[in-house]
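Notes follow once the structure below has been shown.
Read-outs throughout are calculated quantities, based only on the coordinates presented, and are distinct from any laboratory measurement. Because the structure is predicted, anything quoted here is derived from the model rather than measured. For neighbour counting, all protein chains shown are included, and Cβ atoms are generated from backbone atoms with ideal geometry for every residue, glycine included.
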Amino acid sequence: MPAREPRLWAVDTPHTSYVVALDDHDRLHGLHWGPRLTAEQALALLDLPASPFRPVIGREAPLDLSAASAFQYGHTGVQVRFGDGTRDLELEFREASEADDALTLVFADRHYPLEVRTRYRSHPDSDVIERSITLQNNGTEPIEVLRADSATWAVPDLDAPRLSRLHGEWGAETQLTRTPVPYGETVIGSRRGVTSHQANPWITIDDGQATETRGETWSTTLAWSGTWRITVEKDPAGRVAVSAGFGHDPVSISLVAGEVLETPVAAGLYADGGFAGAASAWHEYALAHVLPHPEEDRPVLYNSWEATEFDFTAEDQMRLAERAAAMGCELFVMDDGWFGARVSDRAGLGDWTPNPDRFPDGLGPLIKRVHETGMRFGLWVEPEMVNPDSDLYRAHPDWVYHQPHRRRSEVRQQLVLNLAKPEVAEWMHHWLDDLLSANEIDFLKWDMNRPFTEAGWPGSADPDRLWFDHTRNLYRILDRLRADHPALRIESCSSGGGRVDFGILRRTDQVWTSDNTDALDRIEIQEGFAQVYPARIMGAWVTDSPNPFTRRVIPLDFRFRVAMAGVLAVGGDLRIWSDEELARGAELVADYKRIRPVVQHGRRHPLKAGQAAGVQYDRDDTTVVLAWRHSRRLGYRDPLVKLHGLDLDGRYEDARTGRVHHGAVLATHGLDLDLGPADYASTMIELTRVR
Ligand code: GLA
């Protein structure tokens, strides 16, 4: 990305360009985010009549670096307060530098000792652009930072801009909605201390016409696991800008002399292949540039939570492990209830030593026996929490977030530890490191089950810092544990899918998608999840029927085939499954292992045919279709399902029937799913390209 001329820069990806330019007042404008341009074409943007170089007061074109300054009446991505009360910035451009596929533009305030850098990074194999900013206090007095968005993206003019987003709540994560962008500011975010179930830090803008397979999309996501805010602003002229950053109003951070504030990455993607095309580009980016071990297949996991909750002995765990191993599971995870006085959710959280009644000789004997079955061993932890009824809390009542003269509100009888405090972070790293050093633990399910309340830090000079430092210290601990225990793999959980984002995914291997394991509900949750996150991280358990969460009765095959669209796992009480169910489960686990590389590493296409929905995954010469249909309507036959991305001249053999189909016919007319008339029909189809 060479500088085209001194004051205009293009960040190029394989198929796209992002172009910024400075005006006469050194304000940085986003001129282009779309198909790739040549240097000459990019320069021609400066001559457009609608260019931001002819601003009309009150109708300023969106800035790429939107610092508080004169005539900035909309959302402002960079807001500070200097010691004397001055709020406006007057940034002067200093220099541009390029290194490691990244462009950095450096600005400094005309008067105050504040430097602002904005950084754009691209990768040779992805159209995703990673952006962040840094603020540096070069003076001696503190500077209060009120807002430091990682990126503000100017979206091109669109006739009827539409916003896609993911909302939800506990048990109902990643619900996808697409609505017209209203005038003014639309704000989504989290004030909970964690990414949240209520909104996921991803949005997409399109022109209102895009479909799964056609149309341009502009999407962005924030790689941060604490509080955050994405502002989508449509100005009176109808132009849309999207600004994404960490922190929430009215939280601020005081930058002391010499301090540098680095923001998390806000990644952006322009794509021209419809919603599914954009989703695939995000999946490929996650696999190539976010996940720590993308090449690995995630194992089929068994988790004991729904089977036992808090009521178990070591022998119960072992019986579950034996049945899980017989079914073909590869990783046994013992969930909550193994430590301290934690025989219910009322006590013991924070006391991370094995419960002496349940594990008189520690975890060693159980781990050994689980390993003898051939499975790996995983353990649930919730390090950021404490029950007031615990030795930890009795010893350190000041280690939780609290405010003077305010109650300490409990959720599930627990409080949040102040992980921003260095001594809490040190303690947490220490016990986890000890636990992992003393035991052969292959996997941690790292949970975080309640949001912050009364988030205070009495005695701290800069208490709001906790909103940032909690997440930073969490990241540091995860990074250290991973470095010191390289075989360890980690699942991110927060009452289900409350902490799913590209920040946590840089240091974890999979996520717990939702506590709702009802297969019918999961189809929707998984569809929303797949807008940005790949199947390779999407934990999906098969549990009992009726479902513990919804009480819905769903046949075993249907439950499996929905879970097989992600990282298949089993979470039912295998002690009460019939022999037939155990045997059928084993067959379906074996099916999954065959298609696993395609599901976990392939390209995903959503499928729809009448009442049936499904997904297609492609990798090399193999195509896998998983399809589900709750019920038929009015006795109509299911329509054929059109497949995507196939070679139209290719021929594909169906492993079920041995029939060979033409790619052109599968793409234009479709494949017969052959689901039959019954309710809760499902199928798995494997097609292999024949030469
Ligand atoms: C949360 C998780 C569950 C389980 C329980 C244990 O709700 O989402 O999967 O681990 O905690 O208390």
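What to note about this one:
- For the stretch 637-646, putting each phi into the Karplus relation 6.51 cos²θ - 1.76 cosθ + 1.60 with θ = phi - 60° gives couplings of 5, 5, x, 5, 9, 6, 8, 10, x, 7 Hz, in residue order, rounded to whole numbers and with x for Gly and Pro.
- Computed FRET value (nearest 0.05) for D88 with D579, which takes r as the C-beta separation and R₀ as 51 Å: 0.10
- Ascending count of other beta-carbon atoms within 10 Å, so fewest first, for D311, D521: D311, D521
- Ratio of Rg to Rh over the stretch 482-611 (Cα coordinates, Kirkwood Rh, two decimals): 0.97
- Across every direction, the projection of the convex hull enclosing the Cα atoms of the stretch 606-689 has a mean area of 4.9 nm².
- Relative contact order, percent, the stretch 312-469 [alpha-carbon distance under 8 Å, six or more residues apart]: 25 percent
- Of S631, S126, the sequence from fewest to most neighbouring Cβ atoms within 10 angstrom is S631, S126.
- Full extension of the segment from T213 to R619, taken as 0.36 nm per residue of separation minus the current Cα-Cα distance, would add 144.3 nm.
- One decimal place: the segment T657-S409 gains 83.3 nm when fully extended, by the rule 0.36 nm per residue minus the C-alpha distance.
- Computed FRET value (nearest 0.05) for V690 with F549, which takes r as the C-beta separation and R₀ as 41 Å: 0.40
- Considering all different alpha carbon pairs of the stretch 166-243, the Kirkwood hydrodynamic radius works out to 13.5 Å.
- Restricting the calculation to Cα atoms, the chain yields a radius of gyration followed by a Dmax of 26.3, 78 Å.
- Positive contributions from Lys and Arg (+1) and negative ones from Asp and Glu (-1), summed over other residues with Cβ under 9 Å from the Cβ of T623, come out at -1.
- Among the listed pairs K368/K445; K421/K445; K234/K608, those whose Cα-Cα separation exceeds 26 Å are K234/K608.
- Counting 0.36 nm for each residue step from S97 to R319 and taking away their Cα separation leaves a gain of 73.8 nm.
- Quarter of Cα convex hull surface for the stretch 57-289, i.e. mean projection, nm²: 13.1 nm²
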